[in-house]
1. Using alpha-carbon pairs under 8 Å, 6+ residues apart, how would you state the relative contact order of the chain in percent?
2. Could you work out how much longer the chain between SER88 and LEU195 gets when fully extended? Use 0.36 nm per residue separation minus the Cα distance between them, nm to one decimal.
3. Give the Rg (one decimal place) followed by the Dmax (whole number) of the range 123-223, computed from C-alpha coordinates and expressed in Å.
4. What percent antiparallel are the DSSP beta bridges of the chain, to the nearest 5?
5. By how many nm would the segment from GLU133 to THR104 lengthen if fully extended, with 0.36 nm per residue of separation less the alpha-carbon distance?
6. State the extension gain, in nm to one decimal, for the chain segment bounded by TRP206 and ALA126, taking 0.36 nm per residue of separation less the distance between their alpha-carbons.
7. If you wrap a convex hull around the Cα atoms of the chain, how much volume per residue is inside, in Å³?
8. Sort 150-159, 184-193, 115-124 by packing, meaning the average of other beta carbons within 10 Å per residue, with the highest value first.
Amino acid sequence: MGTAELQRVAVVRVAGHPGLPTSLHARRRGTLVARLLDRLTRVTWLDHLALWTDDPVLASTHTGRGGFVIEAPVPRTPTGTAARFVPSDWPNRLGPALERGCGTAGTIRCFIDGQYLLLHGATLEAMYDALLEDPSTHLIHLAHEAAPHLYIKHPVTGAFAAVWDQPGLDRQAYPMLYHRLGVWIHHAIRPRSKLPMREAWHVIPWCEGFTFDRDEDLPFAEYVLSHDRDLRSVA
């Protein structure tokens, strides 16, 4: 358990996906989500773990160390996907439910978008250590490398242009591009200090940040689960 000063809470948000293929939806609600929650219960620094979902099947099956369910609507974008969640959303969106469920809204707040079903507990351990080691950091994000040499398509002309194009520079020397994932840890006390606060980043292999959107993705998920290995070893 944490001290009176640091109450460390993680919330996993898993939105229902009525538009997802039936077999994939069932798999997500079952083995994949259960494995994710099981890994997170073994994270050594966590005091409380909660599942936030609007899926009644998931809400009825979650158990874990200090675990409980926040069964509430998940805000969505106009396209129906779960909306981005940032630290400033935590107090109003989650604070009251966390106070009822575990007695604290948390001073160390970890948000995990449940679409990253292969996230490993060791990643959260490393992120937490990095956050505490640097007193000038109040927020640490998770990211993975993007495919190099990405192009964007102009919505009107249809022309393609490089995301990064620097004439005269060897393309092999172009800086890496990264995807920011919906996973972060926020030190809610530090912003009150007099130090200038900054944000940090922790990079993982692409496979650990893999999301499952199609039935064709199931073989990869089944492979990882059947081998029951540290996910980073299959990058």
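1. RCO, the chain: 23 percent.
2. Full extension of this stretch gives 36.6 nm more.
3. 18.3, 51
4. The answer is about 40 percent antiparallel.
5. Separation in residues times 0.36 nm, less the Cα-Cα distance, equals 8.1 nm.
6. On the way: separation 80, 0.36 × 80 = 28.80 nm, distance 1.67 nm.
So the extension gain works out to 27.1 nm.
7. Hull volume over Cα atoms, normalised by residue count, gives 169 Å³.
8. Values: 150-159: 8.6, 184-193: 17.7, 115-124: 21.1.
Going by the mean number of other Cβ atoms within 10 Å, highest first, we get 115-124, 184-193, 150-159.
Coordinate-derived values only; no laboratory data. Quantities reported herein were computed from a predicted structural model and do not represent experimental measurements. Every residue, glycine as well, gets a Cβ built from its backbone with ideal geometry; the counts of neighbours run over all protein chains shown.
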